[in-house]
Amino acid sequence: MISKDLEKALNGQIAAELFSANLYLSMSFYLEKEGFNGFSSWMKKQSSEEMNHAYLMAGYIIKRGGNATVNKVEAVKQTWKTPLEVFEDAYKHECQISKLIDKLLDQAIQEGDKATQDFLWQFVREQVEEEATASGIVDRIKRMGDKAIFNLDEQYGKRV
Ligand code: MG
């Protein structure tokens, strides 16, 4: 059985994952509008990955005898100036998510809840990948410059 405190904290993380899903969907809409269909499709996949994180967390809470809830999710940003700005924002956002996951894990350690610690480690590892992916795209856009942006767009559109 999960503690009420951890249940609350994990439900807070569900809201954070839903916020992430909405943020990436909003980025996807902006990118599509600007003609970057590859980046847009990449962002839609990113958005559904975040939704999956929320499902995983809900499933875990329920397995441990708690209640999974959908709480208020704040509105997300709707416009950017360039694709570079979009991916810079995505990178910053992932760094914030990493901090939230770290805090959750600290709480599980404090409570001595080994199952929740084990559950959360996959997200610690996931965040290493998420940060590296976003900062990798930022670096590539910066290095290749405006002329190559549509090549990158095409390349990222191939994400499966
Ligand atoms: Mg996530």
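Annotation: of all residues in segment 104-115 being free of Cβ contacts under 8 Å to residues at least 40 places away in the same chain and not small (G, A, S), the one that is least open to solvent (accessible area, probe 1.4 Å) is L105.
Here K77 passes the criteria (1) within 18 Å of I137 (Cβ to Cβ); (2) open to solvent by 50 Å² or more (accessible area, probe 1.4 Å); (3) not in a loop (DSSP other than H, G, I, E, B) except the one numbered (3). Of everything in segment 15-57 that is open to solvent by 10 Å² or more (accessible area, probe 1.4 Å) and among the aliphatic types (A, V, I, L, M), the residue that is farthest from V124 (Cα to Cα) is L25.
Scan segment 116-131 for residues that are touching a residue at least 60 places away in the same chain (Cβ under 8 Å) and either more than 14 Å from the ligand (Cβ to nearest atom) or surrounded by fewer than 15 Cβ atoms within 10 Å (Cβ to Cβ) (or both) and the total you get is 1.
The values are calculated or read from the model by the stated rules, or taken from the named source; none is laboratory data. If you're wondering where the values come from, they're calculated on a predicted model, not measured in any experiment. Quick reminder, even Gly has a Cβ in these numbers, built from the backbone with ideal geometry, and neighbours come from all protein chains shown. What goes into the accessible areas is simple: the full protein's heavy atoms, side chains included, and nothing from ligands, DNA or RNA. Shrake-Rupley method; radii C 1.70, N 1.55, O 1.52, S 1.80 Å.
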